[in-house]
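Take a look at the structure set out below.
The values are calculated or read from the model by the stated rules, or taken from the named source; none is laboratory data. Note that the structure is predicted; figures quoted are calculated from it, not measured. Reconstructed Cβ throughout: ideal geometry from the backbone, glycine too, with neighbour counts over all protein chains shown. Side chains included, ligands, DNA and RNA excluded: accessible areas come from the protein's heavy atoms. Shrake-Rupley method; radii C 1.70, N 1.55, O 1.52, S 1.80 Å.
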Amino acid sequence: MKEKPPLKNIYKKTIAIELIKMGHDLHHTMRNRKDERFQVYVFVETPELIRDMLAIVEWQERLYQEKHRK
């Protein structure tokens, strides 16, 4: 029996788009169970995916901090 690869759900569209731009393959999408207005983006979980997710979140946090500095 072939083992299925681990999958990672991404709930934020902008992070999913950045991951696709970085070369990660979108496995599939599905409706969010709690709120059907939203999509969940599913990727195969790899160390590279996790590394790139962290880089994207840090980059977005820096942009937010710069925008809201007083």
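Computed values, structure above
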quantity: Accessible carbon and sulfur surface of the chain relative to its total accessible area, %, 1.4 Å; calculated: 54
quantity: Surrounding net charge for ARG31, when Lys and Arg each add one and Asp and Glu each subtract one, Cβ distance under 14 Å; calculated: +2
quantity: For GLU45, distant residues with modelled amide H under 5 Å away; calculated: LEU7, LYS8
quantity: Across LYS21/LYS67; LYS12/LYS34; LYS8/LYS34, pairs whose alpha-carbon gap is larger than 20 Å; calculated: LYS21/LYS67
quantity: Computed P(r) (all Cα pairs; region 18-60; 5 Å bins; percent); calculated: 5, 20, 25, 21, 19, 9, 0
quantity: Positive-end extreme of charge dipole, the chain - chosen from HIS68, LEU26, VAL40 (charges on Cβ); calculated: HIS68
